[in-house]
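A short worksheet on the structure shown next.
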Amino acid sequence: MSQPKLAVVGGRTWGHMHLRALSQFARDGHGELAALVDLDTDILEQRAVEFGMATYSDLEAMLDEVQPDGVTIATPDHLHRDIAVTCLERGIHVLVEKPMDVTVDGCRQMIRSADDNGCLLQVDFMKRKDPYHVDLEQRIRNGQLGDVQYGYSWMEDRIEVPRDWLPAWVSSSDPAWFLGVHVFDLIRWLVRSDVTAVSASASTGKLVSIGIDTYDAVQVKLVFDSGASFAVDVAWHLPDANEAVVNQGVKVVGKEGWMIVDSQDRGARGCLSGPVGAAVGTESRSDGASMFTPNLGLFLQRTDLWNNPVYAGYGIESIQDFAFNVSFLTNGGAIDELGSYPSGRDGLEATKITTAVHDSIEQGGALVHLERD
Ligand SMILES: NC(=O)c1ccc[n+]([C@@H]2O[C@H](COP(=O)([O-])OP(=O)(O)OC[C@H]3O[C@@H](n4cnc5c(N)ncnc54)[C@H](O)[C@@H]3O)[C@@H](O)[C@H]2O)c1
């Protein structure tokens, strides 16, 4: 069995998660983490020490020398398209971070390029791997909730995300692009129906007051082809003292039952005198206070007998899912034989919804109808 060679483009915050996932894939004997491309030489140096792969600041040079079977992309949103198309045109499979692209045309171009070159194009919609969402999806699919009629989903980050995590590109993002796409894809996947119309409004003021020119929060109503309707609130201005870096959940109501998944408070809470540390997203508490609700389902680091790190969680699984798909394809499998995965079409639909959300905000909350592809 041949083992796929994999490379990562963009190695800072979420790219670090890609490197952990693919280094674990390699350590488990499934393939090779061959290279990282980034423009920041400090990131390249730090990640080379931690993971030991080759590093490049030039994508084309990496592709020429390493010839990877699959590339994962964790650069700022607006840079996904060109990097993906460069890889796809060389016949390389691609996992792209969400949002797939910030334009509908860009998503369509990426899908065409994947189709023309016989490549897999997968999007890292990791919420589909959260075990509680998997359980909810299965209950809906088994008919336990009956036909889904309506629901509500919320995803709200602490203010450190726009303030400290994304200094280079925060003003070209907002809660709809950074968080909304996750939720829109999750609900589409749960309901198994496309969104036909959207209305939205936005709140501003808090981030503007600290010099960041973007929305604090976005409120959305989604209307589905199936007749279901969902309300969605996304925000990224929660106070530093919020217990978790992200407060999130989803409620689904059907004709025969309902279910709520609270993905912030999974039943474990704590309060420490010093910084929380360890759990992802809790390291950067700036106020020294330490109430916390860990989300170890997303990311958990253990050590093995030889003191190597072992990475687990649905954030890791979502990225490794692509690596396993590439392995299947490089060993003679076909794309249409792959199981369910978040595809380019799913990425396109999430971007169409997010674009319509912005159109609606600009039109004072008007109902915006989505084009069908
Ligand atoms: N799946 C998730 O839950 C999740 C979570 C956080 C972020 N994201 C997504 O991941 C992507 C990256 O976000 P982030 O928070 O890691 O951003 P970041 O700003 O922390 O890191 C981006 C990295 O890309 C590098 N980069 C920029 N241009 C490049 C280029 N042309 N070639 C190579 N490298 C380049 C930067 O130097 C930086 O190291 C975004 O699309 C974001 O929306 C996804």
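The values are calculated or read from the model by the stated rules, or taken from the named source; none is laboratory data. Here the structure is a predicted model, which is why all the values come from computation and not from measurement. We place every Cβ from the backbone using ideal geometry, glycine too, and count neighbours over all the protein chains shown.
Criterion applied to LEU305, LEU348, LEU296, LEU338 was being touching a helix residue (DSSP H, G or I) at 6+ places or on another chain (Cβ under 9 Å) and either modelled with pLDDT under 95 or more than 19 Å from VAL195 (Cβ to Cβ) (or both), and the one residue passing it is LEU338. For the stretch 217-249, the set of residues classified as out of contact with any Asp or Glu (no Cβ under 9 Å at 6 or more places or on another chain) and buried (at least 21 other Cβ atoms within 10 Å of the Cβ) consists of LEU222, PHE230, VAL232, listed by residue number.
Please enumerate the residues belonging to the stretch 52-72 that are surrounded by fewer than 22 Cβ atoms within 10 Å (Cβ to Cβ), within 14 Å of the ligand (Cβ to nearest atom) and not aliphatic (A, V, I, L, M). Residues satisfying the conditions are THR55, TYR56, SER57, ASP58, GLU60. Being at positive phi and outside the structural domain of THR72 (by TED's automatic domain parsing) is a property that holds for GLY146. Among the residues of the stretch 205-253, what is the count of those that are touching a helix residue (DSSP H, G or I) at 6+ places or on another chain (Cβ under 7 Å), within 16 Å of ARG188 (Cβ to Cβ) and part of a strand (DSSP E or B)? So the answer is 8.
If only residues of the stretch 298-341 that are under 16 Å from the mean Cα position of the chain (by Cα) and among the hydroxyl-bearing types (Ser, Thr, Tyr) are counted, the one that is farthest from the ligand (Cβ to nearest atom) is TYR341. Considering the stretch 74-98, and only residues there that are under 25 Å from SER2 (Cα atoms) and surrounded by 24 or more Cβ atoms within 10 Å (Cβ to Cβ), the residue that is farthest from the ligand (Cβ to nearest atom) turns out to be HIS93. Screening the candidates SER201, SER153 for the property of being more than 12 Å from the ligand (Cβ to nearest atom) and surrounded by fewer than 19 Cβ atoms within 10 Å (Cβ to Cβ) yields one hit, SER201. One residue alone among ARG141, ARG192 is more than 15 Å from the chain's Cα centre (by Cα), outside the structural domain of VAL94 (by TED's automatic domain parsing) and either more than 28 Å from GLY70 (Cβ to Cβ) or buried (at least 18 other Cβ atoms within 10 Å of the Cβ) (or both), and that residue is ARG141. Against the numbered list (1) assigned by TED's automatic domain parsing to the domain that holds HIS78; (2) outside any strand (DSSP E or B); (3) touching a Ser or Thr at 6+ places or on another chain (Cβ under 9 Å), PHE328 comes up short only at (3).
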